[in-house]
Amino acid sequence: MSTGIAFSPIGDPHAKMSTSLALQAELEPLPSLYDRWEAEFRPLLGHTGRWEGFSYIAKDQLQRDAVMVLETGTCRKPGDWDGDGQATRVWDWIIAHKHGFGYSVDIDLAAVQTSQKLAPHMQVICQDSVSFLRGHIPFAPSLLYLDSCDYPQDLTMRVNSCMHQAAEFAAIWSRLPSGCLIASDDSFDAQNGKPAITRLILQGLGIKPELDSYIVVWRKP
């Protein structure tokens, strides 16, 4: 016997909830590559003097279509985030997520062997950095990161460190494309630190730093 009352199906409340969550996920933006990079590296480097420079470079490189890194001086000691800074591992993460390419060159074989294990997406080369940079580089770099030859307490060795970096810079300058970032570690002020001579060269070319911190960053016009 018909009661004349129509009943609507209740449906599956879990299905409705799943649909609602799916719509919410579509509306909420996914974390950017930079957000993911920052989430991984801020706990390791956020308290150090290098953080401002690393984050500036990472944001620039992750926005590019192609990432090609040239680094002098490589990662020497696993987990030494406060000391050497582990820059090679920073570039390795960026290259892995951007499907880019990178060379890290160091004359210390033990450092090269360590770094290749820690940064498998980088090609780590055992060679004098100046001679390497004078040779054939099969890509147009998006980043030149100069961090070889320690900057010690001894004044003579400090001069040698600055001059070595200037030699690296001169060896590759003409082949750096417009827009390439040029960065140096170990800058204490305009007169003290590894890039002291590099600063003077770029200043003479009319190029000012985009970021002047412990890591100094320039951009080739």
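No value in this document is a laboratory result; all are computed from the given coordinates. Computed from a predicted structure; not experimentally measured. Don't worry about glycine lacking a Cβ; one is built from the backbone with ideal geometry, like all the others, and counts go over all protein chains shown.
Find how much the distance from K220 to D80 grows on full extension, using 0.36 nm per residue of separation minus their present alpha carbon separation; answer in nm with one decimal.
Working: separation 140, 0.36 × 140 = 50.40 nm, distance 3.05 nm.
Contour length minus Cα-Cα distance gives 47.3 nm.
With θ set to phi - 60° and the Karplus curve 6.51 cos²θ - 1.76 cosθ + 1.60, what are the ³J(HN,Hα) couplings of region 136-150 in order, to the nearest whole Hz, using x for Gly and Pro?
For region 136-150, the Karplus-derived couplings read 6, 10, x, 8, 8, x, 9, 8, 10, 10, 9, 8, 9, 6, 4 Hz, x marking Gly and Pro.
In debye to the nearest 20, how big a dipole does the chain give about its Cα centre with +1 on each Lys and Arg Cβ and -1 on each Asp and Glu Cβ? It would help to have the intermediate numbers written out before the result.
Details: 19 positive and 26 negative charges, 93 e Å.
The calculated dipole for the chain is roughly 440 debye.
Work from the charge dipole of the chain (Cβ charges, +1 for Lys and Arg, -1 for Asp and Glu, about the Cα centre) and give the residue of A96, V112, A171 farthest towards its positive end.
Value computed over the given set: A171.
If you build a Gaussian network model of the chain, linking Cα atoms that sit under 10 Å apart, which residue out of L181, L143, L200 swings the most?
L200
What nm distance separates the two modelled labels at I201 and R42, each placed 7 Å from Cα along Cα→Cβ?
If labels sit at I201 and R42, their model points lie 3.6 nm apart.
Using Cβ contacts closer than 10 Å as the measure, can you line up S161, S131 from fewest to most? Display every interim value, and only then the final one.
Numbers: S161 22, S131 12.
Fewest-to-most ranking of S161, S131: S131, S161.
If you average 1/r over every pair of different alpha-carbon atoms in the chain and take one over that average, what Kirkwood value in Å do you get? Write down the numbers at each step before the final one.
Numbers: mean 1/r = 0.0517 Å⁻¹.
That comes to 19.3 Å for the chain.
Give me T48, T88, T114 ranked fewest to most by other Cβ atoms within 10 Å of their Cβ, as a rough exposure proxy. Write out the running numbers ahead of the final one.
Working: T48 15, T88 28, T114 19.
Taking fewest neighbouring Cβ atoms as first place, the list is T48, T114, T88.
For a quick check, take a GNM of the chain with Cα springs below 10 Å and name the residue from G46, G100, G83 with the largest mean-square fluctuation.
Largest GNM mean-square fluctuation: G83.
At 10 °C and 1.306 mPa s, what whole-number value in µm²/s does Stokes-Einstein give for the translational diffusion of region 143-221, with Rh from the Kirkwood sum over Cα pairs? Please report the intermediate quantities before stating the final value.
Details: Rh = 12.4 Å.
It comes out at roughly 128 µm²/s.
Could I have the simple spin-label model distance between M163 and S213, label points 7 Å from Cα toward Cβ, reported in nm to one decimal?
Calculated label separation equals 3.2 nm.
GNM, the chain, Cα, under 10 Å: largest mean-square fluctuation among M157, M122, M68?
M157
FRET efficiency for H99 and D128, Cβ-Cβ distance as r, R0 = 35 Å, nearest 0.05? Before the final figure, lay out the partial values.
Numbers: r = 30 Å, r/R0 = 0.84.
For R0 = 35 Å, the calculated efficiency reads 0.75.
By counting other Cβ atoms within 10 Å of each Cβ, how are Y145, Y151 ranked from fewest to most? Please list the in-between numbers first.
Numbers: Y145 26, Y151 21.
In increasing order of surrounding Cβ atoms, one gets Y151, Y145.
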